[in-house]
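Following: one structure in structure tokens, then a few remarks.
Every number here is computed from the coordinates shown, using simple stated rules; none is lab data. Here the structure is a predicted model, which means the values were calculated and not measured. All Cβ positions, even for glycine, are placed from backbone atoms using ideal geometry, and neighbour counts span all protein chains on display.
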Amino acid sequence: MNIVPQWVFEFHGHRCPFVPIGYRMGQVAMRELGVDREQNSSLHAFSEMGASHHNTCMEDGIQAATGCTYAKRNMEHLDYGKAAMIMYHPEHPDRRAVRVSLKPEAFDRLGKFEFINYRKKGTPASEVPGKAVKEIVDWVLSQTEEELFTVERLPDFAFREPEPKTFAKVKCTKCGEYVFEPQVHIVKGKPYCLPCSRYAK
Ligand SMILES: [Zn+2]
Ligand SMILES: [Zn+2]
């Protein structure tokens with residue numbers, strides 16, 4: 001049985017099957033690239049999930065396992081609407097990127113659990129009866145990697161480096177709050193934050 005630490009579910013807010021799916025995806029991707037959990041921002045993770053569907057809970061699992069987080073800007077979502085992730089590490093030129101996707105057969109199997117019926121009827125994940133939650137989470141954790149995932153190398157993966165981060169900030173002429181330089185708007189030669197710049201024009 002695979003394990004997801006309790007803090008991951010606590011951070012996420014409820015127990016659900018897509019947190020362990022993302023967590024395991026992240027573990028597989030890190031092992032395939034031969035990298036450890038990221039402490040800073042070198043390693044990059046891309047979720048293929050988007051915004052207008054369920055299953056995005058997967059992304060909290062990916063962040064927890066890999067240390068690639070939205071806050072550190074080394075986690076992004078590609079909005080393909082697919083249960084898959086790509087991991088990239090710039091220091092591994094010979095095996096730069098790997099993709100881990102949930103097999104369609106596993107996706108089908110997940111749909112047969114009572115948990116999913118509750119969710120489709122509109123029950124929030126935190127209110128699904130514990131037995132139904134345990135059943136589906138245990139199923140995810142007990143499956144082999146091969147049963148759940150397809151793993152592929154992406155030799156041609158193109159990565160757009162994020163803009164370099166800056167410590168430089170200036171005070172907005174109107175509200176007096178600090179604004180980091182890339183977001184400063186100059187109106188008549190004076191610096192403004194975006195909301196204030198609309199009134200200054
Ligand atoms: Zn969830
Ligand atoms: Zn302002």
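Restricting to DSSP H runs of at least four residues, report the calculated mean residue ellipticity at 222 nm for the chain, -39500 (n - 2.57) per run over all residues, nearest 500 deg cm²/dmol.
Only helices count here, giving -9500 deg cm²/dmol.
For the chain, take the longest principal axis of its alpha carbons; what is the angle in degrees between that and the long axis of helix 130-142, to the nearest 10 within 0 to 90?
90
Taking R0 as 22 Å, what FRET efficiency do you get between K112 and S52 from their Cβ-Cβ distance, rounded to the nearest 0.05?
Using R0 = 22 Å, I get an efficiency of 0.40.
On the principal axes of its Cα set, how long, how wide and how thick is segment 6-153? Give whole Å, largest value first.
That works out to 46, 30, 27 Å along the principal axes.
Need one number: nm distance between label points at E146 and M1, each 7 Å from Cα along Cα→Cβ, rounded to one decimal.
The answer from the label model is 2.4 nm.
Give me the net charge for the shell around C175: Cβ to Cβ below 13 angstrom, other residues only, Lys and Arg +1, Asp and Glu -1.
+3
At 7 Å along Cα-to-Cβ for each site, give me the label-to-label distance between Q39 and Y178 in nm.
Reported label-point gap for Q39 and Y178 is 2.5 nm.
Report the residue, chosen from E91, E152, E48, that carries the largest GNM mean-square fluctuation when the chain is represented by alpha-carbon nodes joined by springs under 10 Å.
E91
Taking only Cα atoms, what is the 0 to 90° angle, nearest 10, from helix 18-33's long axis to the longest principal axis of the chain?
In the chain, helix 18-33 runs at an angle near 80 degrees to the longest axis.
In segment 129-168, which trypsin sites (Lys or Arg not before Pro) fall in coil by DSSP and have 13 or fewer other Cβ atoms within 10 Å? Each step should come with its number before you reach the end.
Numbers: sites: K131, K134, R153, R160, K165; in loops: R160, K165.
Listed in order of number, the matching sites are R160, K165.
Restricting to DSSP loop positions (anything but H, G, I, E, B) with no more than 15 other Cβ atoms inside 10 Å of their own Cβ, which chymotrypsin sites (Phe, Trp or Tyr not before Pro) remain in segment 112-201?
Details: sites: F113, F115, Y118, W139, F149, F157, F159, F167, Y178, F180, Y192, Y199; in loops: F113, F157, F159, F167.
Those that pass, being in a loop and sparsely packed, are F157, F159, F167.
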